[in-house]
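Engineer: Can you read through this structure? Questions will come right after.
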Amino acid sequence: MTSTRTSPVQAVEDALRRFFADRRDEAAAIGPACVDAVTELETYVLRGGKRVRPTFAWLGWLGAGGDENADGTAGGATAESVARIGAALELFHAAALIHDDVVDAAPTRRGAPAAHVMFASLHRDACWNGDAELFGTGAAILTGDLAQGWAEDLVHTSGLPTPALARVVPVWSALRTEVLCGQLLDVTAEAAGQEDIDTPQRVNQYKTASYTVERPLHIGAAIAGADAELIAAYRAFGSDIGIAFQLRDDLLGVFGTPEETGKPSGGDLIQGKRTVLFAAALKYADQRDPDAAKFLRTKIGTPITDDELTAMRAVITDVGAVDHIERDITRRTERALAALRSSSATDHAKDELTAMAISATQRTS
């Protein structure tokens with residue numbers, strides 16, 4: 001973006017800081033434990049993250065004719081109200097991550113202890129009664145619930161004009177339902193040991209693509225009152241880029257380093273994640289090297305050693321699964337960009353969305 005344009009990242013972070021400042025006294029009046037939860041949530045939200053979802057919403061709004069300089073007097077959304085919607089997306093994302101780390105028993109997030117780990121440490125350091133890990137899990141779940149509730153508050157107090165808010169609410173509801181059901185599909189697939197490719201592809205659509213790209217763009221378009229044709233183009237772009245984003249994440253979950261991802265090496269394999277990458281590896285290994293397929297099935301979801309991780313990575317690469325994923329990322333990215341180019345979005349939005357698509361699908365962290 002040029003220096004004359006508002007930075008959506010800064011606008012959203014300013015909105016988040018104002019929101020937490022407004023809520024801090026409310027929490028303090030309830031009790032010290034609430035202060036701890038709010039402090040952890042604020043630190044968690046502001047510690048890092050690329051603000052991908054708010055930026056997609058912002059660009060969806062601008063691309064559909066939104067005006068950063070509107071003062072609201074003509075019935076249009078202001079930049080501040082759109083930033084509050086972006087802040088709601090970030091709080092909802094924080095809730096999803098906090099809960100996801102509990103579900104996965106993940107020790108870290110963004111290079112720091114996961115919320116449930118932090119709360120367990122707080123319990124141990126204070127020499128409180130009971131089981132520290134159980135306390136950490138409960139406190140993290142409740143903190144995630146708080147983030148989710150506050151995200152709802154931000155949507156409904158965003159200051160959007162009434163017609164715009166009426167258009168946004170059903171899209172927000174769809175986003176919320178899709179990601180939570182996508183998460184349920186994910187944990188069920190892991191528990192059942194499902195090996196088909198269709199299931200993780202469906203998980204990618206609803207757990208990631210919908211709420212990372214497709215619905216945020218849809219929300220931005222709804223704020224601006226976009227026509228059905230542009231919304232369809234945004235959603236086509238968002239679905240493909242969102243899935244490609246997750247496929248890249250699947251590769252990083254196996255081949256990324258802690259320095260790159262902020263998570264343990266091979267974390268997806270240790271946690272037993274039934275990704276498209278792993279499903280493709282099993283499919284190809286069954287066809288080409290049954291012993292290698294047996295090795296993958298035996299080791300996934302176990303506390304594998306460094307040597308076993310190296311061997312699993314080699315199998316996944318050698319049978320052609322990595323090439324399969326890279327081809328799919330390329331295909332989806334090209335198709336998404338074609339949909340964007342032929343849409344009625346503004347040139348500025350097209351340029352920014354193209355850059356974001358390439359960054360999201362070619363990233364190393």
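The values are calculated or read from the model by the stated rules, or taken from the named source; none is laboratory data. Just so it is clear, the structure is predicted and the values come from calculations on it, not from any experiment. Neighbour counts run over all protein chains shown; Cβ positions are idealised from the backbone, glycine included.
Engineer: Is it fair to say Glu334 is under 27 Å from Lys50 (Cβ atoms), part of a helix (DSSP H, G or I) and without any contact (Cβ under 8 Å) to a residue 12 or more places away in the chain?
Structural biologist: yes
Engineer: Right, here's the next one. Just to check your reading of the model, which residue among Ser173, Ser210 is assigned to a helix (DSSP H, G or I), crowded, with 18+ Cβ neighbours inside 10 Å, among the hydroxyl-bearing types (Ser, Thr, Tyr) and out of contact with any Phe, Trp or Tyr (no Cβ under 8 Å at 6 or more places or on another chain)?
Structural biologist: Ser210
Engineer: Also: Mind checking which pairs have a first residue in the stretch 217-230 that is over 13 Å from Thr346 (Cα atoms) and a second that is polar (S, T, N, Q) and outside any helix (DSSP H, G or I), Cβ under 7 Å, 6 or more apart or different chains?
Structural biologist: Cβ pairs passing all conditions: Glu229/Ser344.
Engineer: Leu160 - would you say it is closer than 20 Å to Ala77 by Cα, out of contact with any Pro (no Cβ under 7 Å at 6 or more places or on another chain) and buried (at least 19 other Cβ atoms within 10 Å of the Cβ)?
Structural biologist: yes
Engineer: Find the residue count for the stretch 234-275, including only residues that are of a type in the set (Ser, Thr, Tyr), under 20 Å from Glu190 (Cβ atoms) and in contact with a Ser or Thr (Cβ under 9 Å, 6 or more places away or on another chain).
Structural biologist: 2
Engineer: Related question: Is it the case that the stretch 297-312 has a residue that's of a type in the set (Val, Ile, Thr), in contact (Cβ under 8 Å) with a residue 60 or more places away in the chain and assigned to a helix (DSSP H, G or I)?
Structural biologist: No, the conditions are met nowhere in the stretch 297-312.
Engineer: When the residues of the stretch 230-271 are filtered to those that are touching a strand residue (DSSP E or B) at 6+ places or on another chain (Cβ under 9 Å) and not in a helix (DSSP H, G or I), which remaining residue is modelled with the highest pLDDT?
Structural biologist: Once the filter is applied, the top-ranked residue is Pro264.
Engineer: Looking for whichever is within 12 Å of the chain's Cα centre (by Cα) and of a type in the set (A, V, I, L, M) here; the options are Ala95, Ala88, Ala57. Which one fits?
Structural biologist: Ala95
Engineer: A follow-up question, please. I'm trying to understand the selection: among the residues of the stretch 322-365, which are touching a helix residue (DSSP H, G or I) at 6+ places or on another chain (Cβ under 7 Å) and acidic (Asp, Glu)?
Structural biologist: Within the stretch 322-365, Asp328, Glu352 meet the criteria.
Engineer: Picking from Glu152, Glu195, which residue would you name as being touching a residue at least 40 places away in the same chain (Cβ under 8 Å), over 27 Å from Leu247 (Cβ atoms) and acidic (Asp, Glu)?
Structural biologist: Step by step, each of Glu152, Glu195 is checked, and only Glu152 is touching a residue at least 40 places away in the same chain (Cβ under 8 Å), over 27 Å from Leu247 (Cβ atoms) and acidic (Asp, Glu).
Engineer: Of the conditions (1) surrounded by 13 or more Cβ atoms within 10 Å (Cβ to Cβ); (2) closer than 30 Å to Ala79 by Cβ, Ala189 satisfies every one except a single condition; which number is it?
Structural biologist: Against the list (1) surrounded by 13 or more Cβ atoms within 10 Å (Cβ to Cβ); (2) closer than 30 Å to Ala79 by Cβ, Ala189 comes up short only on (2).
Engineer: Tally up the residues in the stretch 272-299 that are modelled with pLDDT under 95 and either buried (at least 18 other Cβ atoms within 10 Å of the Cβ) or in contact with a strand residue (DSSP E or B) (Cβ under 9 Å, 6 or more places away or on another chain) (or both), please.
Structural biologist: Residues in the stretch 272-299 being modelled with pLDDT under 95 and either buried (at least 18 other Cβ atoms within 10 Å of the Cβ) or in contact with a strand residue (DSSP E or B) (Cβ under 9 Å, 6 or more places away or on another chain) (or both): 2 in total.
Engineer: Provide a single number: the residues in the stretch 162-178 that are under 12 Å from Phe92 (Cβ atoms) and hydrophobic (A, V, I, L, M, F, W, C).
Structural biologist: Final tally of qualifying residues: 2.
Engineer: Filter the stretch 258-296 for residues that are without any contact (Cβ under 8 Å) to a residue 24 or more places away in the chain and in contact with a helix residue (DSSP H, G or I) (Cβ under 8 Å, 6 or more places away or on another chain); which is nearest to Pro113 (Cα to Cα)?
Structural biologist: Checking each candidate, the answer is Asp268.
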